[in-house]
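To start, I am sharing the structure in question, which I have written as C-alpha cells.
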Amino acid sequence: MTTKPSPAAAPLAFLYDRNATRSHAILDMRLDGCRTYAARRGWQVAGQWVDRGDDALNAVRPRLGALLELMGREVRVRPVICLVHSWGRLAHDSVLRSALQQRVAQAGGHCATTFDESDDRTRPALVGRDAGH
C-alpha cells in the first residue's frame, strides 16, 4: 500500500543540472539560482545532482538516476520536485526532455524551472509560459 504524502509537508526540491564543459562558473550560478528559488517558495533542498561530460549529453544520466532513486523514497513523506534552471538543463531535444520528465513523474514527482514553469498536472497552467523555454 502506497502512502500519500501530507499536503501540509513542505516540498522537497532535488536540484538537477548537466554540464558538458570544464567550466563551472555558469553551472554554479544556475544552481545558486535554483537554491534561491526553492528558498523563496519554502521548499527544502534535498541536494544537487549534476551529470557531467558525456553523461550530460546522453539519454542515460547516472546522477539523474541517483536523484530519482532518492526521490522515489521521499515521495512517500512529502511532495517532491526536480528543480532545474530551465527546461534546457534537462535536455535541449524535446523528445529526450519529455522522456526525462516522464522518469521524474514515474518516481512520483514533477519538474519545475526557476522561470515558474512546471509540468505538475495538479497545478493550473501558467498563462504565457512556453514549456520549451
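Mind listing just one residue for me: the one in the stretch 51-65 that is assigned to a helix (DSSP H, G or I) and small (Gly, Ala, Ser) and, of those, farthest from Arg30 (Cα to Cα)?
Gly65
Being within 10 Å of the chain's Cα centre (by Cα) and at pLDDT 95 or above narrows it down to one residue among Gly72, Gly109; which is it?
Going through Gly72, Gly109 in turn, the sole match is Gly109.
Does Ile26 satisfy the criteria of being under 19 Å from Ser118 (Cα atoms), at pLDDT 95 or above and hydrophobic (A, V, I, L, M, F, W, C)?
no
Test each condition in (1) in a loop (DSSP other than H, G, I, E, B); (2) over 22 Å from His24 (Cα atoms); (3) touching a Phe, Trp or Tyr at 6+ places or on another chain (Cβ under 9 Å) for Phe115 and report the one that comes out false.
(2)
Out of all the residues in the stretch 12-30, which are in contact (Cβ under 8 Å) with a residue 40 or more places away in the chain and closer than 22 Å to Asp93 by Cβ?
Listed by number, the residues that qualify are Phe14, Leu15, Tyr16, Asp17, Arg18, Arg30.
Touching a residue at least 24 places away in the same chain (Cβ under 8 Å) and either surrounded by 19 or more Cβ atoms within 10 Å (Cβ to Cβ) or under 14 Å from the mean Cα position of the chain (by Cα) (or both): is that true of Leu57 in this structure?
No: the conditions fail for Leu57.
Quick one: which of Leu15, Leu68, Leu83 is in contact with a helix residue (DSSP H, G or I) (Cβ under 8 Å, 6 or more places away or on another chain), buried (at least 22 other Cβ atoms within 10 Å of the Cβ) and part of a helix (DSSP H, G or I)?
Answer to the selection: Leu68.
Turning to a different aspect of this structure: Any residue at all in the stretch 120-132 that's charged (D, E, K, R), over 13 Å from the mean Cα position of the chain (by Cα) and under 21 Å from Ala8 (Cα atoms)?
yes
Could you grab me the full set of residues in the stretch 87-97 that are of a type in the set (Gly, Ala, Ser) and surrounded by 15 or more Cβ atoms within 10 Å (Cβ to Cβ)?
Result: Ala91, single match.
When you look at Cys34, is it under 16 Å from Ala105 (Cα atoms), in contact (Cβ under 8 Å) with a residue 40 or more places away in the chain, touching a His at 6+ places or on another chain (Cβ under 8 Å) and surrounded by 13 or more Cβ atoms within 10 Å (Cβ to Cβ), yes or no?
When the stated conditions are applied, Cys34 does not pass them.
The values are calculated or read from the model by the stated rules, or taken from the named source; none is laboratory data. Keep in mind the model is a prediction, meaning the values are calculated, not measured. When we count neighbours, we look across all protein chains shown, and the Cβ atoms used for this are built from the backbone with ideal geometry, even at glycine.
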